[in-house]
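Shown next, in structure tokens, is the structure this report addresses.
The values are calculated or read from the model by the stated rules, or taken from the named source; none is laboratory data. All values reported here derive from a predicted model rather than from experimental measurement. When we count neighbours, we look across all protein chains shown, and the Cβ atoms used for this are built from the backbone with ideal geometry, even at glycine. Each accessible area value is taken on the protein alone, full model and side chains, heavy atoms only, with ligands, DNA and RNA left out. Shrake-Rupley method; radii C 1.70, N 1.55, O 1.52, S 1.80 Å.
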Amino acid sequence: MMHRRTVLRSGTALAAMTVAAPAIAQSSKWPSREISLINPNAPGASTDLTARIIAQALEKRLNATVIVKNVVGGAGALGPTTLAQSTPDGHTIGLVAISSHIAVPNMMNVSYEPWKAFDIIGQVAALRYGVGARADGPIKSIDDLIAQGKQKQLTYSSNNVTNVVAMFQLAKLTGAKFRWVVFPGGVESVTAAIGGHVDAVIQTVTEMRPQIEAGKLRFLASAAEARWPDYPDVKTLRELGYNAVTNGPFGYAFPVGVDPAIKERMDKALADVMKDEAVTSQITKLGIQAIYRNGKDYAALLKSLETELVPILKETGMAKKPA
């Protein structure tokens, strides 16, 4: 009987080793070729520039080439769809954000399930948003914006539902009437504001800063959680007494199903990248907040933002109709 138990134990151990062997072999050879980093935005966009900084830093830690691939189209759906459909061998990662997990799936039919299609690696940054108005226009402050919004409906521009949360919150807090006018890009939305086609704009540092510096756009307030480092004297909406803020987090994920050993190595590499001041300072110079969350915490953050954004999509008529 003792001999039989010994044989059974040995057989069980051998079976376990046999099952584990392919995974161990796969992870030991990774990365075996270049890694693609899918970005759903055009070259030169904030997320694209950040991706190139992160890619270069990952190369040093993984001893592999990391290529940023701009997969643009489908109203933002093509990038995450491509990522979700990629082979889960650890050689493709891609941007995941409010757009991939909340906006796109709630605005159109997509072929992936946002909360099941990805193994999230972590957050690397958050876009900073601000509220601005034409420099030579009648709106000189947030108080002006609110006061005039109580007298008549004002319009404001932006290119993405991600941006506009603070304006919806501001309207509900004050009773002012604001109507969102959607533009195809951030630059176009800022141009509309300085041209007087809309009363205000809420957009990122990248799009707003050139027109602020040119004296064409008045920077009224930061809509982020903190002041912009570029303009430390301009207060946040919260500092002005209005509990309104727009979050713009973004990070990276594998398609679901990657070998856990590979994911662990990538998780550690990204965490190490985000501890590097040379990396975070480059991101900060873009006007973007460098901020790291691990995969679990970043997924939880995205999930919490879903409750804020889905009602906005429905209110503006941008949510897809129930099947």
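Quick notes on this one:
- Cα centroid of the range 66-96 to Cα centroid of the range 280-323, whole Å: 18 Å
- A 1.4 Å probe run over the chain, with the rest of the protein chains in place, finds 47 Å² accessible per residue.
- For the chain, the mean residue ellipticity at 222 nm estimated from helices alone is -13500 deg cm²/dmol, where every DSSP H run of n ≥ 4 contributes -39500 (n - 2.57) and the total is divided by all residues, rounded to the nearest 500.
- Karplus (6.51, -1.76, 1.60) ³J(HN,Hα), θ = phi - 60°, over the range 229-240, in Hz, Gly and Pro reported as x: x, 5, 9, x, 8, 8, 6, 7, 4, 5, 5, 7
- Charge sum, other residues only, whose C-beta stays under 11 Å from Gly248's C-beta, Lys/Arg counted +1 and Asp/Glu -1: 0
- Here the range 130-258 carries DSSP beta bridges of which approximately 50% are antiparallel, counting only pairs with both residues inside.
- Potential lengthening between Glu59 and Thr307 on full extension [0.36 nm per residue; Cα-Cα distance subtracted]: 85.6 nm
- The residues packed around Lys29, meaning those with a beta-carbon under 13 Å from its beta-carbon, carry a net charge of 0 if Lys and Arg are +1 and Asp and Glu are -1.
- 3J(HN,Hα) from dihedral phi, the range 138-150, Karplus parametrisation 6.51/-1.76/1.60, rounded to Hz, x for glycine, proline: x, 8, 9, 7, 5, 4, 4, 4, 5, 4, 6, x, 7
- Computed extension gain for Asp272 through Ala147, at 0.36 nm per residue and net of the alpha carbon distance, reaches 40.2 nm.
- Listed by chain and number, the lysines whose C-alpha is less than 27 Å from the C-alpha of Lys60, apart from same-chain residues fewer than 8 away, are Lys29, Lys69, Lys263, Lys268, Lys275, Lys285, Lys296.
- Look at (1) 21.3; (2) 24.5; (3) 20.0: the one that is Kirkwood radius over Cα pairs in Å derived from this structure is (1).
- For a paramagnetic label modelled on Val182 (point 7 Å from Cα along Cα→Cβ), amide N atoms under 13 Å away are absent within the range 125-153.
- Charge tally for Asn70 (other residues, Cβ to Cβ under 11 Å; Lys, Arg +1; Asp, Glu -1): +1.
- Element breakdown for the chain at a 1.4 angstrom probe: carbon and sulfur atoms account for 53% of the accessible area.
- Cross-link pairs exceeding 18 Å in C-alpha to C-alpha distance, out of Lys152/Lys320; Lys152/Lys177; Lys172/Lys321, comprise Lys152/Lys320; Lys172/Lys321.
- Ranking of Ser99, Ser111 by solvent-accessible surface, largest first: Ser111, Ser99 (1.4 Å probe, protein heavy atoms only, all chains present).
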